[in-house]
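Enquirer: Sharing a structure, written as structure tokens. Questions coming.
Bear in mind that the values in this text are calculations on the coordinates, not laboratory data. A quick note: this is a predicted structure, and the numbers were derived from the prediction, not measured. All Cβ positions, glycine included, derive from the backbone under ideal geometry; neighbour counts span all protein chains shown.
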Amino acid sequence: MEQFQYTIGDALGIHARPAGLLVRLAMNYHSELQIARNDKQASLKKIFTVMGLNVKCGDTVTICASGDDEQQAIAALHDFFCQHL
């Protein structure tokens, strides 16, 4: 399992546009991809679960990848978070 933590810098948090882009990116990988905030977890492959976490600016999230392409997935997700959130 690969993982990283990221503190959201976008003033709007993870709102609909970046959430949609994030889900589209996650769908490119076979690994199980999760996002966690506090004690709640969500699949990065389902937009409603990502939006349901209600991630705001300043929140720290943990991104986890588990599977055969976890290293590639975690690298791509880390780049996405740095560029968009």
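Enquirer: So how many residues does segment 13-34 have that are in contact with a helix residue (DSSP H, G or I) (Cβ under 6 Å, 6 or more places away or on another chain) and β-branched (Val, Ile, Thr)?
Expert: Within segment 13-34, residues that are in contact with a helix residue (DSSP H, G or I) (Cβ under 6 Å, 6 or more places away or on another chain) and β-branched (Val, Ile, Thr) number 1.
Enquirer: Here's something else I'd like to know. Kindly provide the set of residues from segment 42-62 that are over 14 Å from Phe4 (Cβ atoms) and surrounded by 15 or more Cβ atoms within 10 Å (Cβ to Cβ), ordered by number. Don't jump to the end; show me each part of the working.
Expert: First, pick out the residues of segment 42-62 that are over 14 Å from Phe4 (Cβ atoms): 42-43, 45-59.
Hits for segment 42-62 are Ala42, Ser43, Lys45, Ile47, Thr49, Val50, Met51, Leu53, Val55, Asp59.
Enquirer: A further question follows. Can you give me the number of residues within segment 37-47 that are over 8 Å from the mean Cα position of the chain (by Cα) and either of a type outside the set (D, E, K, R) or part of a strand (DSSP E or B) (or both)? Show your work before the answer.
Expert: Taking segment 37-47 and keeping what is over 8 Å from the mean Cα position of the chain (by Cα), we get 37-43, 45-47.
Of the ones still in play, those that are also either of a type outside the set (D, E, K, R) or part of a strand (DSSP E or B) (or both) are 37-38, 40-43, 47.
Here the count works out to 7.
Enquirer: Among the residues of segment 9-27, what is the count of those that are closer than 12 Å to Gly58 by Cβ and not hydrophobic (A, V, I, L, M, F, W, C)?
Expert: The qualifying residues number 3.
Enquirer: Follow-up. From the list Ala19, Ala73, Ala65, pick out the single residue that is buried (at least 16 other Cβ atoms within 10 Å of the Cβ), under 14 Å from Leu85 (Cα atoms) and touching a residue at least 24 places away in the same chain (Cβ under 8 Å).
Expert: Details: Ala73 fails: under 14 Å from Leu85 (Cα atoms); Ala65 fails: under 14 Å from Leu85 (Cα atoms).
Residue meeting the stated conditions: Ala19.
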